Amino acid sequence: MSPRLADVEVGHELPTQTFRVTRADLIRYAGASGDFNVIHWNQRIATEVGLPDVIAHGMLTMALAARVVTDWLEDPAALVEYGVRFTRPVVVPDDDAGALLQVSAKVTALAEDGTAQIAVTASCEGATVLGRAQAVVRLA
Amino acid sequence: MALNPDCVGRTYAPAGSYLVGREKVRLFALAIGVESPIFRDLEAARASGYADLVAPPTLAVILALQSSRVVVRDPELGLDYSRVVHGEQRFAYARPIVAGDELVVTTSIESIRTAAGNDMITTRGDIASLDGEPVVTTWSLLVARGAEADA
């Protein structure tokens with residue numbers, strides 16, 4: 001069941017999720033999104049330009065963080081707005097463990113037009129990787 | 001290296017259309033791991049009232065990337081793409097994108113500013129169907145690192 005406006009209050013926390021991101025995930029996302037920037041798959045180039053290692057696409061981090069909201073909503077038509085600031089890269093080592101992205105979200109405001117504002121927090125190894133990550137959703 | 005401030009307000013007509021394929025939607029859903037069947041299963045999408053598979057909301061990035069490419073290639077803007085990083089991204093949805101949509105993006109430059117030696121440009125892409133129905137609006141903040149930032 002999709003969440004209903006009447007059942008949600010400010011401070012309501014959405015189910016937290018943890019996503020594992022491996023090099024294979026970056027390759028898959030590059031193909032799906034068409035973003036083939038080499039820093040997302042080539043360690044040699046990534047370190048040459050001053051990065052610690054290959055980093056995840058910011059848009060992949062944004063997409064995974066969105067899942068916490070859209071999995072809760074069920075109907076994607078309820079998502080009105082979603083935006084993030086890319087503040088810190090998610091470094092993805094060349095191993096099977098990859099990087100772990102932890103995402104939580106909570107309702108920060110309810111508007112009279114039936115929309116709710118949700119603040120999303122995404123972190124990797126204890127440091128936040130997205131800033132001002134916010135969604136606006138319309139609940140029935 | 002400063003960007004040309006006269007480019008603020010400049011608008012770029014769509015450079016062709018983008019047809020959202022059903023298998024592209026499945027591939028994108030797989031890549032970000034969304035599990036709801038409306039992104040993967042045609043019957044489930046139709047049972048939920050959609051004409052075809054529903055695209056995960058951030059699939060709009062494909063059109064956002066197309067849109068910002070149009071801007072960075074404008075020679076009059078003076079943007080050095082090798083120094084550009086994606087600073088912010090925002091989407092506003094009129095409705096979900098579904099497989100079979102044929103979409104066009106009209107791009108504009110909303111703002112250009114400089115902070116701490118970096119040039120920042122906000123581009124806006126208005127994504128619409130071929131008959132002009134608004135679908136998604138996308139804003140991208142591109143940051144061109146200043147040469148002195150390397151020192």
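Data overview
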| quantity | calculated |
| --- | --- |
| Single residue of the stretch A:1-28 satisfying the filter (of a type in the set (Gly, Ala, Ser) and modelled with pLDDT of 95 or more) that is nearest to residue A:72 (Cα to Cα) | A:11 |
| The stretch A:66-110: number of residues that are of a type in the set (Ser, Thr, Tyr) and within 11 Å of chain B (Cβ to nearest Cβ) | 3 |
| Failed criterion for residue B:41 (all others in (1) surrounded by 16 or more Cβ atoms within 10 Å (Cβ to Cβ); (2) modelled with pLDDT of 95 or more hold) | (1) |
| Where a residue in the stretch B:84-107 is surrounded by fewer than 21 Cβ atoms within 10 Å (Cβ to Cβ) and its partner, wherever it lies, is among the aromatic types (Phe, Trp, Tyr) and not in a strand (DSSP E or B), with Cβ under 9 Å and at least six apart | B:98/B:50 |
| Residues (under 21 Å from residue A:59 (Cβ atoms), in a strand (DSSP E or B) and touching a residue at least 60 places away in the same chain (Cβ under 8 Å)) located in the stretch A:76-125 | A:99, A:100, A:101, A:102, A:103, A:104, A:105, A:118, A:122 |
| Subset of the stretch A:12-62 (residues that are closer than 23 Å to residue A:85 by Cβ and assigned to a loop (DSSP other than H, G, I, E, B)) | A:34, A:35, A:37, A:49, A:50, A:51, A:52, A:53, A:54, A:56, A:57 |
| Number of positions in the stretch A:104-130 that are among the hydrophobic types (A, V, I, L, M, F, W, C) and in contact with an Asp or Glu (Cβ under 9 Å, 6 or more places away or on another chain) | 3 |
| Every residue from the stretch B:12-67 that is hydroxyl-bearing (Ser, Thr, Tyr), facing another protein chain (nearest Cβ under 10 Å) and closer than 15 Å to residue A:59 by Cβ | B:58 |
| Given (1) within 9 Å of chain A (Cβ to nearest Cβ); (2) at positive phi, number of the condition residue B:100 does not satisfy | (1) |
| Matching residues, the stretch A:40-58, being at the interface with chain B (Cβ under 10 Å from one of its Cβ atoms) and either surrounded by 12 or more Cβ atoms within 10 Å (Cβ to Cβ) or in contact with a Lys or Arg (Cβ under 6 Å, 6 or more places away or on another chain) (or both) | A:57, A:58 |
| Single residue of B:65, B:79 found to be crowded, with 17+ Cβ neighbours inside 10 Å, at pLDDT below 95 and in a loop (DSSP other than H, G, I, E, B) | B:79 |
| Checklist (1) out of contact with any Asp or Glu (no Cβ under 7 Å at 6 or more places or on another chain); (2) within 14 Å of another protein chain (Cβ to nearest Cβ); (3) in contact (Cβ under 8 Å) with a residue 60 or more places away in the chain applied to residue B:120, failing item | (3) |
| Residue match in the stretch B:10-24 (condition: among the aromatic types (Phe, Trp, Tyr) and more than 27 Å from residue A:27 (Cα to Cα)) | yes |
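The values are calculated or read from the model by the stated rules, or taken from the named source; none is laboratory data. Here the structure is a predicted model, which is why all the values come from computation and not from measurement. We place every Cβ from the backbone using ideal geometry, glycine too, and count neighbours over all the protein chains shown.
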